[in-house]
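Heads up, the thing below is written out as structure tokens.
The values are calculated or read from the model by the stated rules, or taken from the named source; none is laboratory data. Because the structure is predicted, anything quoted here is derived from the model rather than measured. Counting neighbours? That spans all protein chains shown, and the Cβs are built from the backbone with ideal geometry, glycine included. With ligands, DNA and RNA removed, areas are computed over all heavy atoms of the protein, side chains included. Shrake-Rupley method; radii C 1.70, N 1.55, O 1.52, S 1.80 Å.
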Amino acid sequence: MEVTIKQAETTEAPIIANLLELYMHDFSLFSDVEVGEDGRFGYPYLEHYWRDPDRFPLLILAEKKLAGFALLRIETDPGDGSKTMDLAEFFVLRQFRRQRDGSQAAAKIWDLFPGRWRLRVLVSNHTAYAFWEKLVGDYCKRKFEADDEKGFLGDLKRFSFTSGSGG
């Protein structure tokens, strides 16, 4: 399938908000996220993706059909000012999984933003952990770092690597 990535417009924020509900529902299998009294999980940082120039909301399309989203943010090291792109959230709808659409989307995103990257995955999410470990390793020819990290949703594995010409 042809996978494309597009920057989400402000008018498309509700699309990502809706997909975030499915994403958080999936997360509830692996961590203690709770549904609110309104029946929604919510995502408190979503509006920042259209206000902060260091954040990027992306839509993933497969054969021009909505297939998922990614939320990226640039993190700046306060010590040396170096910048790292963080794949904060990434979600592909179930009907597009296991068709390599997620793999293609991630690689295209990394190619769109060459440089230093970081992503985190819940260790308890065995499927996602295996997906990211293989994909990152294949993408950067096994030149990546994998470190343990504590997150508010549980134990994480943090993958760090370089995309683009330095990858």
Over the chain, what relative contact order in percent results from Cα pairs under 8 Å that are six or more residues apart? 19
In whole Hz and in residue order, list the ³J(HN,Hα) couplings for region 112-128 that follow from phi through the Karplus curve 6.51 cos²θ - 1.76 cosθ + 1.60, θ = phi - 60°; x for Gly and Pro. 5, 10, x, x, 7, 10, 9, 9, 10, 9, 5, 4, 5, 8, 4, 5, 5
Candidates Glu21, Glu75, Glu37: whichever shows maximal mean-square fluctuation once the chain is modelled as a Gaussian network with Cα springs under 10 Å: Glu37
Take the alpha-carbon centre of region 104-167, take the same for region 27-71, and report the distance between them in whole Å. 18
Kindly sort His25, His126 by accessible area of their heavy atoms, largest first, with the probe set to 1.4 Å. His126, His25
Mind giving me the nanometre distance, one decimal, between the label points for Ala130 and Glu75, set 7 Å out from Cα along Cα→Cβ? 2.7
Around Val33, what is the net charge, scoring Lys/Arg as +1 and Asp/Glu as -1 over all other residues with Cβ under 12 Å from its Cβ? -3
Taking 2.2 N^0.38 Å as the expected size of a compact globular protein, what ratio does the Cα radius of gyration of region 57-125 give against it, to two decimals? 1.23
Pick from Arg94, Arg118, Arg55: which is most flexible by mean-square fluctuation in a GNM of the chain where alpha carbon atoms under 10 Å apart are linked? Arg94
Treating cross-link reach as a plain straight distance, find the aspartates and glutamates whose alpha-carbon is under 16 Å from the alpha-carbon of Lys65, omitting any fewer than eight places away in the same chain. Glu2, Glu12, Asp101
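Calculate, for Glu37 and Arg97, the FRET efficiency according to 1/(1 + (r/R0)^6) with r their C-beta to C-beta distance and R0 30 Å; round to the nearest 0.05.
Efficiency at R0 = 30 Å is approximately 0.45.
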Computed over the Cα atoms, what is the radius of gyration of region 21-67 divided by 2.2 N^0.38 Å, N being its residue count? 1.42
Just to confirm, what accessible area per residue do you get for region 1-125 at 1.4 Å probe, in whole Å²? 55
Which stretch or stretches of region 53-77 have amide N atoms under 18 Å from the point lying 7 Å from Ile15's Cα along the Cα→Cβ direction? 56-72
With no solvent term and unit scatterers on the alpha-carbon positions of the chain, Debye gives log₁₀ I(q)/I(0) at q = 0.12 Å⁻¹ of -0.53
Can you bin every Cα-Cα distance in region 83-163 into 10 Å intervals starting at zero and give me the percent of pairs per bin, rounded to whole numbers? 17, 55, 27, 1
Cβ-placed point charges (K, R +1; D, E -1), dipole of the chain about Cα centre in debye, nearest 20: 760
With all protein chains present, how much of the accessible area of region 84-153 (probe radius 1.4 Å) comes from carbon and sulfur, to the nearest whole percent? 53
